[in-house]
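Report on the structure given below.
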Amino acid sequence: MKDHRSLVKKILFALFFIFYLGGLSYPVQDSIPDDSSNLEKIKNEIVASVGPINITTDEFYYSYEFGPAFVKREKDSKERYLKYMINEKLLALDGYSRNVDKGDEVKSIHQDFENDLATEQMFREDILSKVEVNEKEIDTVITQKELELDIRWLYAKTEMELNDYLNSLASEIPFDSLYQLQFNDTSIYLDDRSMQLSRFQLGKRNPELAGLIDTLPIGQVSNPVATSDGWYLFKINNVTQNMVVTGTEMERLRQESINAVKMKKMDKLSDEYVNNLLLQQDPIIKRQSFTVLRSYIGFYSLEKELYEKWQLADKMEEGLKNLNITKENAGQTVLVEMNEGNVTLEEFLKWYRNRSEYVKFNKENLPTFSKSLENLIWRMLRDKLLSELALKRGFYKDESVVEQSKWWEDKIVYSAVKNEIVQSVLLKEKEVKLDDKSNSDETDQKILRKILLKLNELKAKYKVSINEDVLEKVKVSEENNPRAIDLYTVKKGGLIPRTAYPSIDFDWINWE
């Protein structure tokens with residue numbers, strides 16, 4: 001293992017997929033299937049016991065519903081899924097027995113997840129309760145979801161190119177001909193000059209463009225749209241609407257639309273909520289500390305040429321000198337001053353390390369890079385203030401937070417143990433060539449064998465029991481269905497990106 005970040009990266013990659021530095025709202029219902037109502041009748045009954053760990057109906061249901069589809073396509077789907085959950089609990093128990101959960105990295109990741117759970121619960125109480133939705137808003141979103149748009153455009157990087165397009169169109173050269181000419185450049189693909197999506201999706205991605213499209217007749221070319229990278233001329237090539245919708249599909253559309261309207265309103269309320277917190281603290285980023293941090297982050301995230309071009313090493317030394325500190329004792333230097341308490345460089349870096357693999361900086365120039373980092377500091381400060389408020393108000397003791405926090409702890413410890421096994425195999429390999437398929441396959445087989453041996457050892461150590469009657473009573477939306485597809489629900493607006501609930505690794509597909 002090369003350094004601290006490699007373990008964090010391996011664990012987090014197993015737990016979630018994307019990171020987006022956006023707003024703070026949370027999914028309203030996490031796309032919970034209709035069968036969840038049946039869960040209330042058997043709430044928290046024990047499906048299986050793995051040593052001292054009990055897998056309840058709640059944990060199994062949510063893990064299964066948000067889990068990979070490869071298990072759901074086979075016979076005895078629930079039994080197979082439970083088998084893999086048990087495997088993960090066994091490996092987690094091995095980690096607990098060796099105090100893996102007490103390691104700084106694992107503790108830090110689990111704390112971030114717990115912070116997010118508590119803050120989410122606080123938001124549900126403080127914000128969701130204030131959100132009201134009317135039928136007109138719901139119907140509007142349903143219609144937007146039913147409308148499929150085929151949009152094409154011409155792109156001009158310079159004003160001269162734009163004028164060429166406008167003159168051609170004025171000369172009655174068809175838009176479609178000009179559109180096709182763009183692909184003479186083999187580096188340009190269809191997706192670079194067109195999109196097929198619903199009106200609802202367009203509104204979420206680009207509200208300004210959606211507003212333009214709403215007023216643009218089909219087949220007509222828009223006026224030039226100026227952006228920071230050039231000009232665009234849009235045309236709606238086609239619009240289709242699904243006119244035949246079953247009752248089940250309409251109910252799904254309606255629930256999705258209600259959630260979408262609530263999310264939009266929650267975004268506005270959550271922005272106000274966070275802004276009030278920040279205003280109360282009147283935070284100030286300390287310039288010299290920021291200079292030191294920027295150079296430190298830049299050393300790990302920038303190409304060597306940019307780091308040297310922007311003279312960040314010299315700026316680091318200048319910042320250290322002005323602060324009268326060294327690299328070794330810089331951690332306790334104040335980065336952000338507030339009315340109540342401060343944020344140190346060390347505190348920010350601890351927050352950053354758990355997210356570094358998913359953060360994208362704007363590297364166009366030093367000012368844009370600096371702005372990206374500044375936005376990240378505000379994001380960290382927001383997370384800190386919300387977590388502290390949730391703690392103060394007792395949300396960490398909420399029953400659902402405690403329950404889900406334990407689910408995530410098991411998952412995180414399991415991921416750390418699995419990573420140990422993978423690393424132990426790789427370290428024994430003199431050289432692993434990822435482009436050598438036979439070598440890669442052989443390494444994968446060694447990893448699988450080692451995991452199997454470890455599981456057999458743990459099954460002899462810990463008693464495993466399954467309550468078949470309880471498992472049978474858990475109703476799920478997809479079972480024994482060869483056409484089941486993967487649908488990932490990722491919470492990306494909270495304190496840390498994560499799947500809605502911990503589910504089994506996709507890697508278990510290699511055991512099928």
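The values are calculated or read from the model by the stated rules, or taken from the named source; none is laboratory data. What you see is a predicted model; the values in this text were computed from it and never measured. Every residue, glycine among them, receives a Cβ derived from its backbone with ideal geometry; neighbour counts consider all protein chains shown. Please note that ligands, DNA and RNA were not included when accessible areas were found on the heavy atoms of the full protein model with its side chains. Shrake-Rupley method; radii C 1.70, N 1.55, O 1.52, S 1.80 Å.
The residue 246 and residue 176 beta-carbon pair, evaluated with R₀ = 35 Å, returns a calculated FRET efficiency of approximately 0.45. Taking 7 Å steps out from each Cα toward its Cβ at residue 309 and residue 147 produces label points 4.3 nm apart. Between residue 459 and residue 38, how high is the FRET efficiency from 1/(1 + (r/R0)^6) when r is the Cβ-Cβ distance and R₀ = 35 Å? Nearest 0.05. Efficiency for this residue pair is about 0.65.
Ranked by the mean number of other Cβ atoms within 10 Å per residue, highest first, peptides 494-505, 365-376, 67-78 order as 494-505, 67-78, 365-376. Expressed as a whole percent, the accessible surface of region 302-398 that belongs to carbon and sulfur atoms is 47, based on a 1.4 Å probe.
In terms of the mean number of neighbouring beta-carbon atoms within 10 Å, the peptides 440-452, 399-411 order highest first as 399-411, 440-452. With a ≥ b ≥ c taken as the square roots of the eigenvalues of the C-alpha gyration tensor of region 227-279, please select rounded if a/c is under 1.5 and otherwise prolate if a/b is larger than b/c or oblate if it is not? Cα axes put region 227-279 in the oblate bin. In the chain, the DSSP-assigned H stretches of four residues or longer account for a calculated mean residue ellipticity at 222 nm of -18000 deg cm²/dmol, using -39500 (n - 2.57) per stretch and the full residue count as denominator. Computed from point charges on the beta carbon alone (+1 for Lys and Arg, -1 for Asp and Glu), the dipole magnitude for region 55-167 about its Cα centre is near 660 Debye. Distance between the pseudo-spin-label points of residue 359 and residue 139 (7 Å out from Cα toward the beta carbon): 4.7 nm.
Using Cβ point charges alone (K and R +1, D and E -1), the dipole size of the chain about the Cα centre works out to roughly 1220 debye. With a Cα cut-off of under 29 Å and a minimum spacing of 8 residues unless on different chains, the lysine pairs in region 46-126 number 9.
Charge tally around residue 311: other residues with Cβ under 14 Å, Lys/Arg +1 each, Asp/Glu -1 each, net -1. Site pair residue 104 and residue 452 shows an inter-label distance of 3.8 nm when each label is modelled 7 Å from Cα along Cα→Cβ. How many angstrom separate the Cα center of region 282-316 from the Cα center of region 325-357? For region 282-316 versus region 325-357, the Cα centre distance is 14 Å.
Using 11 Å as the cut-off for backbone N distance, which residues of region 137-169 belong to the label zone defined by a point 7 Å from the Cα of residue 264 along Cα→Cβ? Counting backbone N atoms under 11 Å from the label point, the list is 137-145. Of the peptides 57-66, 415-424, 470-479, the ranking by mean beta-carbon count within 10 Å, highest at the top, reads 57-66, 415-424, 470-479. Overall shape: oblate for region 328-436, with the ratio a/c of the largest to smallest alpha carbon gyration tensor axis at 1.5 or above and b/c at least equal to a/b.
The separation of region 127-198 from region 66-92, counted between C-alpha centres, amounts to 42 Å.
Per residue, the accessible area of the chain comes to 54 Å², computed with a 1.4 Å probe over protein heavy atoms only. Using 0.36 nm per residue and subtracting the Cα-Cα separation, the extra length available between residue 480 and residue 275 on full extension is 69.0 nm.
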